[in-house]
Amino acid sequence: MRKLTPEQTLEKAHIQLMRSPEFCLLSGIIMMGESTMEEGIPTAYTDGVNKRYGREFMEGLTEKGRNFTVAHENFHVLLKQITTWYMLWEKDAQCANQAMDYVINLMIRDLDPDGRVVIPPEGVLLDEMFRGWDTRRVFDYLYKEQGGKGGKGGNEGYGGDGRGDSLDNHGWEEAKELTKKEVKELGEAIDEAIRQGSILAGKMAGNAARELAGELTRPTVDWRALMQEFMTSFCAGRDSATWRRPNRRWLAQDIYLPSPIAESIGPVVVAIDGSGSIVPAVIGMFLSHVRLMTETVTPEKVYIVYWDTRTYEPEVYEPSQYDLIPTSTKPQGGGGTDPTCVKEWLDNTSGLTPSVVLVLTDGYVFGDFPEFGVPTLWGITSDVVATTGTTVRIET
């Protein structure tokens, strides 16, 4: 029998994955970008769109091992990991590479637990303790376990921690260079590819793959409603109302109703990301919904704090001034993104114990998501999920 070329073995892996009920979900993702065999790549590589495979490495794998590797690279794309988690790479490249692999490899094994199509190559990162964890949570655990060395580095797996190496290399630098528009367009293309794969999974009775597709493409819940629900859940007195301030949500329909009042909610801190990655239009959107929040509940005071790697002079508003917030506020910032400075400011501000902290950001933070010690809502414009408080995805 004639031996297949490396390119032909890659094409065969694509066909086997696309024809299997377990992995047909990847069909649209496999067709995205370029998939090539190349010299000089130790194992495999993706920049979040394109997939590159090392010739020597792939030739040394079994057929099912190659299938696993191809599925692995395409799962990086499927989960948008490279564009979502590059700030973890900036903090510690080793932990970021490993964390993504731990999450992906469990998902692949769960789709094919009997090894019908894929078998993990020797040394692949698999650990049941990370079941149900997302990439950020795994990263935080590894970062703490490995001593928090920190720092960007090459994309190779590192090892040395007793857990093994990352299977592949990741194009963090390329992902970081993408504009917000390009990231959004890529995300939309991936979502469409997932939907295409989901249709195929439905026809092939790939129930597990179809369920996964449903999780990945579930419509986004209206974040404004979630923000209002979150805020009102910490307020008392919501069964009272006042005719002195008409309910604006009904005025447009010529209906005059009283506004609900919350008599016992204390101060609210609104921490707005003013870093260089936040454009003025996004800040304007943040402010419009801060105003909506003050109509939904009536805080004792609102403290607006702009921040990047440090906080700026807070703006303090009384209830009679809430209408002025969008026009009187003065956004500040332009530096990096480190929300721990908000925690430091709050800890050093005597006499201020907020009922709620609302943090509005793109989520691409350098450092940790701080714990404020009070109910905290993170309004985030990306797919990043904060590791503290409650996160709601803001559609821009």
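Laboratory data are not the source of any read-out in this text; all were calculated from the coordinates shown. These figures come from a predicted structure and were not determined experimentally. Counting neighbours? That spans all protein chains shown, and the Cβs are built from the backbone with ideal geometry, glycine included.
Numbers for the structure displayed
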quantity	calculated
Given Lys80/Lys181; Lys176/Lys330; Lys181/Lys330, the pairs whose alpha carbons are separated by over 21 Å	Lys176/Lys330; Lys181/Lys330
Mean Cβ count within 10 Å, highest first, over the residues of peptides 44-50, 268-274	268-274, 44-50
Residue order, fewest to most beta carbons within 10 Å, for Trp345, Trp85	Trp345, Trp85
